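The values are calculated or read from the model by the stated rules, or taken from the named source; none is laboratory data. Since this is a predicted model, take the numbers as computed values, not measurements. Here the Cβ is made from the backbone with ideal geometry for all residues, glycine too, and neighbour counts use every protein chain on show. In case anyone asks, the SASA skips ligands and DNA or RNA and just uses the protein heavy atoms, side chains included. Shrake-Rupley method; radii C 1.70, N 1.55, O 1.52, S 1.80 Å.
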Amino acid sequence: QVQPVESGGGLVQAGDSLRLSCVVSGRTFSSYAMGWFRQAPGKEREFVAAISYSGRTTDYADSVKGRFTISRDNARNTLALQMNSLKVEDTAVYYCAASETPVGRLISQFDYWGRGTQVTVSS
């Protein structure tokens with residue numbers, strides 16, 4: 001069974017940086033496209049970033065483009081999200097997800113989800 005597990009969340013101030021990690025157990029990590037989503041209180045879960053199985057293709061939500069970087073290490077079954085210049089509006093629970101289909105933005109395209117890690121950005 002494929003199980004993503006996120007880590008690295010925390011409380012930071014606006015302008016700070018934070019790096020999230022996700023380790024995926026189970027079947028071959030390199031065969032999955034991966035993504036990060038987030039859900040703020042009272043809001044729907046939204047797409048943040050995605051990366052193809054090889055790492056050659058990435059995609060970002062406009063709200064994080066230029067500030068966040070998604071990357072993967074297939075040898076270590078690890079996905080990362082480097083978040084710079086954090087804003088108060090980035091506060092949310094961040095989820096790591098794996099997809100058996102090519103990289104996309106839709107929640108429905110992702111098959112396996114972690115439980116999330118809380119990121120709180122104070123002003």
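Odds and ends about this structure:
- Per the listing Val93, Val88, Val12, the residue uniquely β-branched (Val, Ile, Thr), within 30 Å of Ser123 (Cβ to Cβ), over 14 Å from the mean Cα position of the chain (by Cα) and open to solvent by 30 Å² or more (accessible area, probe 1.4 Å) is Val88.
- The residue of the range 45-68 that is most open to solvent (accessible area, probe 1.4 Å), among those that are outside any loop (DSSP other than H, G, I, E, B) and more than 15 Å from Ser99 (Cβ to Cβ), is Glu46.
- Here is the figure for the range 31-43: residues that are surrounded by fewer than 15 Cβ atoms within 10 Å (Cβ to Cβ) and either out of contact with any helix residue (DSSP H, G or I) (no Cβ under 9 Å at 6 or more places or on another chain) or at pLDDT below 95 (or both) total 5.
- The one condition from (1) closer than 20 Å to Ser85 by Cα; (2) part of a loop (DSSP other than H, G, I, E, B) that Trp36 does not meet is (2).
- Close pairs from the range 105-122: first part of a helix (DSSP H, G or I) and of a type outside the set (Ser, Thr, Tyr), partner at pLDDT below 95 and open to solvent by 60 Å² or more (accessible area, probe 1.4 Å), Cβ under 7 Å, at least 6 apart: Gln109/Thr101
- Residue in the range 26-44 that is touching a Gly at 6+ places or on another chain (Cβ under 6 Å) and within 26 Å of Val121 (Cβ to Cβ) present: no
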